[in-house]
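Down below is the structure, laid out as structure tokens.
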């Protein structure tokens with residue numbers, strides 16, 4: 001009992017800070033990714049027909065090399081790209097507070113706690129926040145190296161965009177993305193089971209985790225909204241109280257849906273409830289008169 005009260009005190013003291021971190025995480029993460037998308041929209045694109053046009057004309061190489069255009073774009077927008085990624089990754093780092101806070105609250109109320117959720121919520125965002133800007137900086141450095149050489153062939157572009165260091169960065173970013181996705185999915189699912197999140201918040205949190213792996217939208221709208229709504233929920237925005245499990249200090253699972261039952265058949269009209277229907281009474285038979293054959297026999301006897 002004392003441990004539960006201490007846990008509630010700790011959660012109550014951390015709640016305002018965690019709510020602010022969740023809202024800022026959603027805003028920074030979405031704002032940084034929006035800035036990156038806005039910068040990327042300025043890049044000059046060369047379509048398939050434009051790329052094949054020199055070959056149709058008998059030219060050995062295109063007048064404008066699309067690889068050179070991309071490397072020049074990285075160099076010209078290197079500062080804004082790095083700042084945008086830093087803002088986005090600042091939001092990624094701020095995700096640690098709400099995810100670990102929710103994981104700790106779920107672990108104290110769950111009958112089968114799991115420590116791996118807290119580790120995923122900690123190390124996944126750290127990996128993304130560190131190695132995503134590092135990977136972007138390595139691409140910018142490679143673009144400088146590519147543009148500084150006169151020979152801009154396939155070997156030069158491979159040296160600018162590939163290499164063992166960049167492959168290692170990509171592998172680490174893959175592990176970080178898997179960890180963040182797993183943290184969102186497991187935290188949302190387990191917290192919904194013990195009653196810390198409503199069904200709507202739990203389902204949206206699970207979808208947010210899936211969208212880290214399968215980005216169906218160009219911007220992380222769902223992930224950012226979940227973080228902002230979770231922070232608003234902790235602060236009681238709109239006058240809505242927290243789910244009952246937060247104040248109870250124990251699991252309060254949401255009641256399952258009751259199966260739909262068919263309505264009972266109503267008795268026929270004229271019968272009261274509980275009264276058995278009496279069997280139908282046959283109608284009395286009509287008296288039969290003397291047959292004509294019997295009267296003729298009587299007359300003959302006379």
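Sorted largest first, the spans of the alpha carbon positions of segment 127-256 along the three principal axes are 69, 25, 24 Å. How big is the gap, in Å, between the Cα center of segment 171-192 and the Cα center of segment 3-21? Spelled out, the Cα-based centre of one part sits 23 Å from the other. Using alpha carbon centroids, what distance separates segment 203-229 and segment 83-159, in Å? Cα centroid of segment 203-229 versus Cα centroid of segment 83-159: 16 Å apart.
The ellipsoid equivalent to the alpha-carbon distribution of segment 158-199 has semi-axes of 37, 7, 4 angstrom, derived from the gyration tensor eigenvalues as √(5λ) and listed largest first.
When you restrict to C-alpha pairs under 8 Å that are six or more residues apart and normalise by the size of segment 73-142, the relative contact order lands at 47 percent. Distance between the modelled labels on residue 247 and residue 45, one decimal in nanometres: 5.3 nm (7 Å Cα→Cβ projection).
Model label points for residue 210 and residue 80, set 7 angstrom from Cα along the Cα-to-Cβ axis, are 3.5 nm apart.
Normalised by the number of residues in segment 117-210, the average gap of Cα pairs under 8 Å and 6 or more apart makes the relative contact order 36 percent.
Distance between the modelled labels on residue 219 and residue 200, one decimal in nanometres: 2.2 nm (7 Å Cα→Cβ projection).
Coordinate-derived values only; no laboratory data. Note that the structure is predicted; figures quoted are calculated from it, not measured. Every residue, glycine among them, receives a Cβ derived from its backbone with ideal geometry; neighbour counts consider all protein chains shown.
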